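The structure appears right after this line, and notes come after that.
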């Protein structure tokens, strides 16, 4: 390994682990890149996207692992878990750990992610600076364990925050049999990703699933054993309070080291910070072409940086993000500009709403392309619109057919699910989280991955948000039937 570039990855969650895998995929023997990965969590890296399933009891903690305990040893990666980096010595090209150890680097990568933000509400924070008794955040596997322990016996629960994570936590608790109330400060849920109409329909859907929603409500104080007192004097009875009020990028080390930070560590298209020897990826990084807090940008950044570190420049230009709510019984996708008004002179805006049936669909078209969409309770529309959005294709003249999911770029009525796998062109992206195409799945099949589990292992399809599972099952069945014929 003499002459190999020593890359130290600070943070070994989803982004850091993916970077190590992408580097080893390009440099299996470690001839060009030696890797040291440092993570402050004691667990092997895991899929945070699936934590709501763990909370609901539908998946085990072990089943959401991204790597096994011995992955590092098997792939020539030195992994130090349960250790935090306390400072970066840029002049000496080394990082200092919380146990006093010093680790030198040729190239440093910050993949420190984000931390749960606890608003300054009386009673939420304990004397040690962490959550007070009866309060939990929802960000990590340990948070999941704390919530699960606190939710035993069907206790009353409140969730502070009606964004993506808050609703996933609420649905997970409801699935466990807990009475759940979501307290949200604005007039509709998920206001960043949804317009008012969709937010109102979503609240109705969640109500039918056992989640009570209080809008335009602000927390004033948490009273252990009683519940959450609101600023208008109302009391939300709760024995457990889950705080899901947002996250903040982990940038303390970068700031202390003098790197440029503004809502995240600033990076260019090579994911390089203001120090040319230091890169940043994932939730701690701020790139103008992406939205933080989602897995797909982090993994695309990891692939781009791995290519650069192994000798092939592949600039990261940004990610077209599709947000999906991972909550059992709710099928929701949102993408692009969802807030365009019907009278916007620069866009065509179509929408339909069926609150009684839990359905809402909105399509925004600019310059004959999909500019934004919301699809709640209409999976066919979500599949159709996402394909046009991802591929930048001109939308069909019949906009209503697209809004209803009846127009696809690869054949009328063909949806990328189990029944229509044969209709998908090979280049169609099946798993957006991992950018896995139908062709990639077929290649893995020909190489010996002969079931869904093996395909997931070979390509990572289904290991992100999991919403592509039906499509992967369909493609696996189609491939098997193709061989039989």
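Nothing in this text is a laboratory measurement; each read-out follows from the coordinates by a stated rule. As the structure is a computational prediction, the values presented were derived from the model and not from experiment. When we count neighbours, we look across all protein chains shown, and the Cβ atoms used for this are built from the backbone with ideal geometry, even at glycine.
Key figures for this structure:
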item: The stretch 146-172 versus the stretch 339-384: alpha-carbon centroid distance in Å; result: 30
item: Relative exposure of 353, 63, 428, judged by other C-beta atoms within 10 Å (fewest first); result: 63, 353, 428
item: Difference of contour (0.36 nm per residue) and Cα-Cα distance, residue 4 to residue 313; result: 109.5 nm
item: Exposure proxy order (Cβ contacts within 10 Å, fewest to most) of 229, 326, 362; result: 229, 326, 362
item: Per-residue Cβ neighbour rank within 10 angstrom, fewest leading, 283, 70; result: 70, 283
item: Residue 454 paired with residue 216, simple spin-label distance in nm, labels 7 Å along Cα-to-beta-carbon; result: 5.8
item: Gain upon complete extension [residue 204, residue 78; 0.36 nm per residue less C-alpha separation]; result: 40.4 nm
item: CD proxy at 222 nm, helix term only [per DSSP H run n ≥ 4: -39500 (n - 2.57); per residue of the chain; nearest 500]; result: -8000 deg cm²/dmol
item: For a label point 7 Å along the Cα-to-beta-carbon line of residue 122, residues of the stretch 229-244 with backbone N under 15 Å; result: 229-235
item: Prolate/oblate/rounded call for the stretch 243-325, Cα gyration tensor, a/c under 1.5 rounded; result: oblate
item: For Rg and Dmax of the Cα atoms in Å, calculated from these coordinates, the label among (i) 21.7, 74; (ii) 21.9, 69; (iii) 23.0, 69; result: (iii)
item: Cα gyration tensor category, rounded, prolate or oblate, for the stretch 1-130 with a/c compared to 1.5; result: oblate
item: Extension gain from residue 248 to residue 291, taking 0.36 nm per residue of separation minus the Cα-Cα distance; result: 14.2 nm
item: Mean-position separation - Cα centroids, the stretch 50-94 and the stretch 104-130, in angstrom; result: 16
item: The chain: relative contact order in percent, alpha carbon pairs under 8 Å with at least 6 residues between; result: 12
